[in-house]
Amino acid sequence: MLLDPGECGPAFLGLPQDVAATSYDYPDSFFERKVRAIPRPRPDVDEVIAAVNLLKTAKRPVLIAGGGVHYSRAEAELATFALAHGIPVVETIAGKSSLLASHPCYVGPIGVTGADATNALCSKADVILAVGTRFQDFTTGSWTLFAASAQIIAINAARFDAIKRVSVAVVGDAREGLKSLTEGLIGWRAPASWTAQASQSRLDLQNLVDSRAAADGASPMSYAQIISAVYAAATSEDYVLTAAGGLPGELNVNWMSKGIATFDCDYGYSCMGYEISGAWGAAFARTKGEVFALVGDGSYLMLNSDIYASVLSGKKFILVVLDNAGYAVIERLQVSKGGNSYNNMLRDSRGDGSEVRVDFCAHAQALGARSVKVNSMDELASALAIARTNDRTSVIVVEARESDWTPGGAFWQVGVPETSQLAAVQSAREQMDAGLAAQRLV
């Protein structure tokens, strides 16, 4: 099960204490070293032919690179395939860093946490080649992102995901699927006019990122400005990681991948605290480069003990704590869907100790980390440089704006009451209904 490409998942072995303590004379062969290869299922020939024939009719093709590209180690094949056929490539959160941002065919991030320019290009596509993606809600904008007439080709090791939305299914390994398509597409390229549109979308994204990173003289800094400082300090061998709150969207848009497979965002379950535990795990796994983790103050408070574990184990990482004094992205969602602001921010506290604030810098020091609080872009850049040379995990604390988000994204279907006496909820419901009406049914 652990090595099955389509059905892989965690396995739990539970042994009662009396069984675990029982002696048994196993044969020596039981303990012999065995190397098991992960199988690469090849796609069916007829499925490949159907996909090739459809792709050849495309005037505005788009390739979605999902997490399956990484799992298959298909990044090189993706880059070669896209370049050979001039197909614009967009990435899901799980698929981010499948392609270098400098690649001629890279366009940007797709979906709810994606960029407007990227999503606009996808909405014009007539054929979508989806490689290793499950088409989850954030990828598809709750299925409003693609034109109803657009046809989908899905390469996926799991048949369940390959056949979604009446896709032309190519059930098989991502790397081998791309290779199989290549053989049938020799000499075919997307129209130059479409490639030019994709290049403009990529330029629009870069202009957005540059504008968001620019210093504006305001304090505290925005998420995007802080991310830009970390990005400037990172090399192509470094690894960046985040998980919950506003950081997935901000990092997904504002981080232009310098290296392949150097980005990790656990956003399937928005696991608050994964940023720290995940960074410690990445520090074990990575053989080169630094591990940068970005975490909000709320997530930090939920799970921070692995800072101490990282110090004890000697597996360092660089943690940037963005303190906006509460759960600001939940506040944003709550208010944007018609609700009144309620108890998400520290300023909402009403108890006798409502003025007490956590000293994250001192807390990290108590866990054995090197820590520093910074107040400007220059101070942040200096702290990041020092952190790279430190002998243990470094924690850099920086105050961030409560509400200054990078514009963009797509429709997201969430629960908004159908009836309410509140005008704000009624307005939010009207917007929700308009989005639902735009959903692609198949």
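The figures follow:
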{"item": "Region 388-404: number of residues that are under 16 Å from I276 (Cα atoms) and not polar (S, T, N, Q)", "result": "4"}
{"item": "Tally of residues being within 20 Å of S236 (Cβ to Cβ) and of a type in the set (S, T, Y) across region 71-107", "result": "5"}
{"item": "Pairs where the first residue, in region 288-301, is farther than 14 Å from A364 by Cβ and modelled with pLDDT of 95 or more and the second is buried (at least 24 other Cβ atoms within 10 Å of the Cβ) and polar (S, T, N, Q), C-beta under 6 Å, 6+ apart", "result": "L294/T242"}
{"item": "Any chance R73 is more than 30 Å from Q200 (Cβ to Cβ) and not acidic (D, E)", "result": "yes"}
{"item": "Filter result (surrounded by fewer than 24 Cβ atoms within 10 Å (Cβ to Cβ), of a type outside the set (V, I, T) and not in a helix (DSSP H, G or I)) within region 284-310", "result": "R286, K288, G289, E290, L303, N304, S305"}
{"item": "Number of positions in region 182-207 that are more than 30 Å from V45 (Cβ to Cβ) and touching a helix residue (DSSP H, G or I) at 6+ places or on another chain (Cβ under 7 Å)", "result": "5"}
{"item": "Count - residues of region 390-403 that are touching a helix residue (DSSP H, G or I) at 6+ places or on another chain (Cβ under 7 Å) and modelled with pLDDT of 95 or more", "result": "8"}
{"item": "Residue match in region 379-396 (condition: closer than 30 Å to R165 by Cα and touching a residue at least 40 places away in the same chain (Cβ under 8 Å))", "result": "no"}
{"item": "Residues within region 132-146 that are touching a residue at least 60 places away in the same chain (Cβ under 8 Å) and either more than 20 Å from R202 (Cα to Cα) or in contact with a His (Cβ under 9 Å, 6 or more places away or on another chain) (or both), tallied", "result": "9"}
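The values are calculated or read from the model by the stated rules, or taken from the named source; none is laboratory data. Here the structure is a predicted model, which is why all the values come from computation and not from measurement. A quick note on method: Cβ atoms are made from the backbone with ideal geometry, for glycine too, and the neighbour counts reach across all protein chains shown.
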